[in-house]
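Every number in this text was worked out from the coordinates using simple rules, so none of it is lab data. Small disclaimer: the values here were computed from a predicted structure and weren't measured. Here Cβ is always computed from backbone atoms with ideal geometry, including for glycine, and neighbour counts include all displayed protein chains.
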Amino acid sequence: MLNVSLKSGWKSLMVVLLALVLLGSCSSGGGDLAGGGISGTGVYNGVITGFGSVFVNGVEFSTTGAAITANDAGVTEDDLDVGMKVRVEASGTSALSITFDPEVIGPVQSIDTVNDQIVVMGQTVLIQGTTILKGFGSILDLVAGDAVVVSGFFDAAGNIRAVFIELKAQISGEEVKGLVSAFDAVSRTFVINGLSVDYSGVTDPPQFQN
């Protein structure tokens, strides 16, 4: 199955294949190094644990001159928050780029206060004791229809174990990541973590397979 990121805007739907070199996207937590490691050039995936520069899983990266993006838009360090899972491309401890790409963005569909979980875009999001909440104090403050941004790690069951959730006043579009299944090339549909997707309106889609 393919790991994909699905984003919908006002007028179009875009499906983007995630690069296979991304590390930690299905991890239960932590970060990984690629390339030369922390003393060389590499990629580090993890959770922001502090600022001064940017601390990811306790490792400090200088952000001077780094390109910082969130949800595909250029931002500054001030737009980042503790708890966000990010991807850092670095040379030694100097960040070359920092990318925040949440697992799901969309309206809350249902709320389970007993098990501390919500459903967003068909994805089950588990709120843990360590989950950083921005814009609200607890799951009790959420109502169906609230727009949220969720960053976290997928567990073996396909649920998102959230490390960061932000309540937004509004969002410009929805996004969901996951594994493609039930792919039908004729009807141009597939399922991503239980969410049925019809991409018949996409003019130049990527090649999918189950």
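Quick rundown of the values:
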| item | result |
| --- | --- |
| Neighbour-count order for Asp81, Asp184, fewest beta carbons within 10 angstrom listed first | Asp184, Asp81 |
| Average Cα contact separation per residue, segment 95-184, under 8 Å, 6 or more apart, as relative contact order % | 32 |
| Residue-wise HN-Hα coupling along segment 81-88, computed from phi with Karplus coefficients 6.51, -1.76, 1.60 (Hz; x: Gly, Pro) | 9, 4, x, 5, 7, 10, 10, 10 |
| Residue-wise HN-Hα coupling along segment 98-106, computed from phi with Karplus coefficients 6.51, -1.76, 1.60 (Hz; x: Gly, Pro) | 10, 10, 9, 10, x, 6, 8, 10, x |
| For segment 28-176: rounded, prolate or oblate by the Cα gyration tensor [a/c cutoff 1.5] | prolate |
| Under 5 Å, built H, 5+ apart or other chain: amide partners of Leu96 | Glu89, Ala90, Ser91 |
| Sorted by Cβ density within 10 Å, fewest first, the residues Thr63, Thr69 | Thr69, Thr63 |
| Residue-by-residue Karplus 3J(HN,Hα) for segment 126-131, coefficients 6.51, -1.76, 1.60, Hz, glycine and proline x | 8, 9, 9, x, 9, 5 |
| Positive-end residue, segment 102-208 charge dipole about Cα centroid, Cβ charges, pick of Gly145, Gly135, Pro107 | Gly135 |
| Peptide ranges 141-153, 106-118 listed from the most packed, as the mean C-beta count within 10 angstrom indicates | 141-153, 106-118 |
| Interchain or long-range residues, amide H under 5 Å from Gly194's placed H | none |
| Whole-number percent relative contact order across segment 28-176, with pairs defined as alpha carbons under 8 Å at least 6 apart | 20 |
| Rounded to the nearest 20 debye, dipole of segment 28-176 from Cβ charges on Lys, Arg, Asp, Glu | 200 |
| Overall form of segment 152-192 per C-alpha gyration tensor (a/c, 1.5; a/b vs b/c) | oblate |
